[in-house]
Every structure is written in structure tokens, then in C-alpha cells.
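Enquirer: Following this message is one structure expressed as C-alpha cells.
The values are calculated or read from the model by the stated rules, or taken from the named source; none is laboratory data. This structure is a prediction, so every number in the text was calculated from the model and none was measured. Positions of Cβ are backbone-derived with ideal geometry, glycine not excepted, and every protein chain shown enters the neighbour counts.
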Amino acid sequence: MNFLQKNWKGLLLCLVIAVPCHFLGKQFPIIGGPVFAIVTGMIITLFFKDKTAFQSGITFTSKKILQYAVILLGFGLNLSVILQTGKQSLPIILATISTSLIIAFVLCKVMHIPGKISTLVGVGSSICGGSAIAATAPVIDADDEEVAQAISVIFFFNVLAAILFPAFGSAIGFSTTSGEAFGIFAGTAVNDTSSVTAAASTWDSMYHLGSATLDKAVTVKLTRTLAIIPITLVLAFLRTRNAKADGAKVDFKKIFPFFILYFILASIITTIATSMGAPASFFAPFKSLSKFFIIMAMGAIGLNTNIVKLIKTGGKPLIMGLCCWIGIAGVSLMMQHVLGIW
């Protein structure tokens, strides 16, 4: 009861933002509900100066609801299917993730971009956009403005990829009778699921391939999602080590991303249940709830973000996002060529 008394106003505000943004995201999937929510939150907070009565619920939504969203995301992962069909793309995925993280690390040092923003942009670019940022933010203790900055960068290049990649694929000579090459390209080089889906569906429509490209791209994308597990664990370890080196006291157990263990457990439950005959559609509501929770959390993050400051400080992270985007796309193409896929 005390929890509700403390948080209900902020939770209700985030819910009110999330519902219309959820439907807008369905109408405009290339943008997506989370982006509508974070922008709405930032606009509201310009006129809503005193959020004292709402702040506790807003903070709970931006932190805890975001973690619940990552846990529920696990119900969308059938590990056996991913391991069977994702093996072909695994070398490409490992190469693109490594490339993005290295680029982000180098530019962080060269351009003096804040470390947490660099981490979020690097991880978001290389793994799965907003979901990866959602999983990483609590581990590195990123604040809401840093999350908003990273989400904005990822969104910009998501939209560009969804619009430009089908034409680019045609120009460089991807097979138009099979969706394999473009599906792998979209699955490894596009950040967020919504944009992966948009780009792959466009390719299917252009060359009348049914859903062949989309199926391939989504499987590759889900395989990338599994990288959330080692990335968050490594970041938790590094944060603890760096804190000790600086003389600060940080307990690894306190910052360990336990929600990632629940994410793994959810994936295992889905894998076992489907292998025993449960239909994949049974887990669809969990995936839908995960997406809605992310929209709610992005609305809360928007409410805690100064849009004017975000625009003023956005230049360097945008350059980093561009370099990561180009690097990932280039390495994906190179690896496909080396492996004989394209």
C-alpha cells in the first residue's frame, strides 16, 4: 500500500504517455513507440516544472520497469532455434559487435565523450538498440539524460538504415531471388528491431520474396540480442574493478545485473516449453508487454531529460553513432564476402 501511495502518480503519468505512443509506434514502426514516448516526455517536462509528487513513480518506471522489460524480452528467445539458424551469422555478429565497441572506445578517448554515453552508444549500435541500452544503463549507473542521448543517436541511424539500406542493397548487387544476404545484412547492421523489420520487409516487397528476408533478419537480430548477457556481466565487473582502483567502495553483488539472470531464465523457459509442444504464440503477450514497458520507461526518461541540454551536447555522440554505424555496415559486408554469402 505504501508503494502505491508513493508511486501511483508518477506511474499513472508514464502510463498515460505510453498508451498513445504505443499506438503511434504501430502506425509508424520506422519511428517506434519508445521514440514517441521519450520525445513526449521531454516536451511535457518543459512545461511541467514541479514534478515532486510524481518523481518517485517516474524514477521507479525509468529504472525498475526498464529492467522488467528486459526480463520479459527473454520470453521471445527460443535458444534452440537461434542456435540452429543463427550459427551462420555468428562470425559476422561477433565481428560487428567488436567493431562497434572498439570504435566507441577509441572515439571516447579521442573526442573526450563521456564514458557512459560512449558505452551506451557503442552497445546500442552493436547489439539491439533500445533493448541493449535498457539492459546496460542500470549496470553502469547511467542517468536518464545519458540514456536519452544514446536513444536519440540510435534512433536517428535506425531511421536512415530502414530508408536507405534496401536501395543500397540493390546498388551493391545483393541477390534478389533470395533474402539471405540482405536478411543477414539487415540483422547485423541495423540497430533496433523495428528498423530491422522495416528494412527486411521492404526488401521482401521489392522482390516478392514473401517473408524470407524478414525471417532471416529477425533470427539474426535475436541472435545478436543474446550478446546482452556477456556485455552486461563484463561491464559490471569493469565498473567494480575501476571503482576499487580509484579507492571507492563498490560491492559487485550490489551492481550485478540480476535481472539478466531472469532474462536467461525466461529464455530457457521458452525454449523448454516450445520443445515440449507449446506454441510460440503462447509467449507473444510477454513480448508485447516487454515492448510496452520499454515505451513506459522511455516516457519516464523523457520526463527526466532537459531537451535543450540534449540538443546542445548531442554533436559528439552523433558523430560516434555515425562512425559505429558505418563501421558495422562495412564489417558486415566484408564478412559476408569472406564467408561467401555475398
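Enquirer: Return the residues of the stretch 224-239 that are among the aliphatic types (A, V, I, L, M) and under 15 Å from the mean Cα position of the chain (by Cα); say none if nothing qualifies.
Expert: The answer is 226, 227, 228, 229, 231.
Enquirer: Can you pull out the residues in the stretch 88-140 that are more than 28 Å from residue 182 (Cβ to Cβ), among the small types (Gly, Ala, Ser) and surrounded by 20 or more Cβ atoms within 10 Å (Cβ to Cβ)?
Expert: Those that are more than 28 Å from residue 182 (Cβ to Cβ), among the small types (Gly, Ala, Ser) and surrounded by 20 or more Cβ atoms within 10 Å (Cβ to Cβ): 118, 137.
Enquirer: If we scan the stretch 43-58, do we find a residue that is surrounded by fewer than 22 Cβ atoms within 10 Å (Cβ to Cβ), under 20 Å from residue 307 (Cα atoms) and of a type in the set (Lys, Arg)?
Expert: Yes, the stretch 43-58 has at least one match.
Enquirer: Return yes when residue 65 is at pLDDT 90 or above, within 27 Å of residue 261 (Cβ to Cβ) and among the hydrophobic types (A, V, I, L, M, F, W, C) and no when it is not.
Expert: Yes.
Enquirer: Of the residues 150, 212, 162, which is under 22 Å from residue 91 (Cβ atoms) and of a type in the set (Gly, Ala, Ser)?
Expert: 212
Enquirer: Enumerate the pairs (first residue in the stretch 10-39 and on the phi < 0 side of the Ramachandran plot; second residue anywhere and acidic (Asp, Glu)) with beta-carbon separation below 9 Å, excluding pairs fewer than 6 apart on the same chain, so at least 6 apart or on different chains.
Expert: Here the result reads 34/192, each pair linking the stretch 10-39 to a residue that is acidic (Asp, Glu).
Enquirer: Still on this model: Pick from the stretch 150-198 the residues that are within 30 Å of residue 56 (Cβ to Cβ) and crowded, with 24+ Cβ neighbours inside 10 Å: which of them is modelled with the lowest pLDDT?
Expert: Here the answer is 192.
Enquirer: Please work out which one of (1) more than 25 Å from residue 80 (Cβ to Cβ); (2) free of Cβ contacts under 8 Å to residues at least 24 places away in the same chain is the condition residue 211 fails and give its number.
Expert: Every condition holds for residue 211 apart from (1).
Enquirer: Okay, moving on. Restricting to the stretch 301-342, count the residues that are over 22 Å from residue 221 (Cβ atoms), among the small types (Gly, Ala, Ser) and modelled with pLDDT of 90 or more.
Expert: Qualifying residue count, the stretch 301-342: 0.
Residues are listed down the side, and each one gets a yes or a no for (1) assigned to a helix (DSSP H, G or I); (2) surrounded by 14 or more Cβ atoms within 10 Å (Cβ to Cβ); (3) at pLDDT 85 or above; (4) touching a Lys or Arg at 6+ places or on another chain (Cβ under 9 Å):
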| residue | (1), (2), (3), (4) |
| --- | --- |
| 249 | no, no, no, no |
| 265 | yes, no, yes, no |
| 294 | yes, yes, yes, no |
| 299 | yes, yes, yes, no |
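Enquirer: Can you work out which of the residues in the stretch 274-304 that are among the hydroxyl-bearing types (Ser, Thr, Tyr) and in contact (Cβ under 8 Å) with a residue 12 or more places away in the chain is nearest to residue 14 (Cα to Cα)?
Expert: 290
Enquirer: Another one. Select the helices (runs of 4 or more DSSP H) contained entirely in the stretch 1-117, then report the ones holding at least 2 residues which are closer than 23 Å to residue 195 by Cβ and of a type in the set (A, V, I, L, M).
Expert: 2-27, 33-47, 66-73, 79-85, 90-111
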